[in-house]
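Chemist: The structure that follows is given in the form of structure tokens.
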Amino acid sequence: MSTPARVLVVDDDVTVSDVVARYLEREGYEVDCVADGIDALAHAIGSPPDLVVLDLMLPRLDGLELCRRLRATTAVPIIMLTARGDESDRVMGLELGADDYLSKPFSPRELMARVKSVLRRATGPLAAPIASTVLESGDLRVDPASRQAFKCDEIVALTAREFDLLCFLMRAAPSAFTRNELLEHVWGYTYGDTSTVTVHVRRLREKIEIDPSAPDHIQTVWGVGYRFAR
């Protein structure tokens, strides 16, 4: 029997934490709940979880800063929860390395779907025999089996979602995909905020392109979306 995934829920709203924890435990996950950012950082470092569900509004250390500090040391998947209506906060969270986000109030069932999707992408194989084939293009090399990417033989630190997006585009090259199509193929959602894709593409370009403003690999196809150019 496989060990259940451990989820760290970080939210100072006890009601929200309790509801989220109950749904997660019902799905078989082990859950720890923490109410502020400083304690959450210490908990995540001392007992690394498989996934963090993170509220933006936290005492002592807010969710954005906590996300930044976690990303400096770990690639643990992060789903952000926010009651803020400002899109800039959501985009900032994604740019800091969050894998996904949900706005409050949210459906617990929708959160469970996001949790399963993020964990599946972070821990599971990429679902086909071709997954073991090393992907190469110029100075870029991606090994799906070890889930590692290299640029000029130097390892590139990618989150689970960034890695899957890069693999998908490289395998499908030179086909172009809309943001909605990428959201479905890589995130597993049939609907959602396409700015999630835009931010992930921008972050990928910053990590793998010589000049992110004039990308050689991940190109914009105007009026469509993105494609990988070999």
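Chemist: With the checklist (1) modelled with pLDDT of 90 or more; (2) farther than 29 Å from PRO49 by Cβ; (3) out of contact with any Asp or Glu (no Cβ under 9 Å at 6 or more places or on another chain) in hand, flag the one item ALA229 doesn't pass.
Modeler: (3)
Chemist: Also, I was wondering about something else. When residues of the range 179-196 are filtered for being touching a residue at least 24 places away in the same chain (Cβ under 8 Å), closer than 18 Å to SER88 by Cβ and of a type in the set (Val, Ile, Thr), how many remain?
Modeler: Residues that pass the stated criteria total 1.
Chemist: Show the residue pairs that are 6+ apart or on different chains and have beta-carbon atoms under 9 Å apart, the first residue being within the range 142-168 and within 18 Å of ASP100 (Cβ to Cβ), the second being polar (S, T, N, Q).
Modeler: Here the result reads LEU158/GLN148; ALA160/THR123; ARG161/THR196; PHE163/GLN148, each pair linking the range 142-168 to a residue that is polar (S, T, N, Q).
Chemist: Can you tell me which residue within the range 54-84, out of those that are assigned to a strand (DSSP E or B) and β-branched (Val, Ile, Thr), is farthest from GLY97 (Cα to Cα)?
Modeler: Only one residue fits best here, namely THR82.
Chemist: Report whether or not LEU8 is under 21 Å from LYS116 (Cβ atoms), in contact with a helix residue (DSSP H, G or I) (Cβ under 9 Å, 6 or more places away or on another chain), touching a residue at least 24 places away in the same chain (Cβ under 8 Å) and not aromatic (Phe, Trp, Tyr).
Modeler: Details: under 21 Å from LYS116 (Cβ atoms): yes; in contact with a helix residue (DSSP H, G or I) (Cβ under 9 Å, 6 or more places away or on another chain): yes; touching a residue at least 24 places away in the same chain (Cβ under 8 Å): yes; not aromatic (Phe, Trp, Tyr): yes.
For LEU8, the condition - under 21 Å from LYS116 (Cβ atoms), in contact with a helix residue (DSSP H, G or I) (Cβ under 9 Å, 6 or more places away or on another chain), touching a residue at least 24 places away in the same chain (Cβ under 8 Å) and not aromatic (Phe, Trp, Tyr) - is met.
Chemist: Among the candidates ARG114, ARG120, which residue alone is assigned to a helix (DSSP H, G or I), buried (at least 20 other Cβ atoms within 10 Å of the Cβ) and modelled with pLDDT under 90?
Modeler: Only one candidate qualifies: ARG114.
Chemist: Can you spot a residue in the range 27-42 that is assigned to a helix (DSSP H, G or I), among the aliphatic types (A, V, I, L, M) and surrounded by fewer than 19 Cβ atoms within 10 Å (Cβ to Cβ)?
Modeler: At the first step, the residues of the range 27-42 found to be assigned to a helix (DSSP H, G or I) are 37-42.
Checking which are among the aliphatic types (A, V, I, L, M) leaves us with 38, 40-42.
Adding the requirement that they be surrounded by fewer than 19 Cβ atoms within 10 Å (Cβ to Cβ) leaves 38, 42.
Yes, that holds for at least one residue.
Chemist: Can you name the residue in the range 143-159 that is at pLDDT below 90 and within 17 Å of ARG71 (Cβ to Cβ) and is also surrounded by the most Cβ atoms within 10 Å (Cβ to Cβ) among such residues?
Modeler: Here the answer is THR159.
The values are calculated or read from the model by the stated rules, or taken from the named source; none is laboratory data. On a predicted model such as this, the values are computed, not experimentally measured, just so you know. Cβ sites come from the backbone with ideal geometry, for glycine too, and all protein chains shown count toward neighbours.
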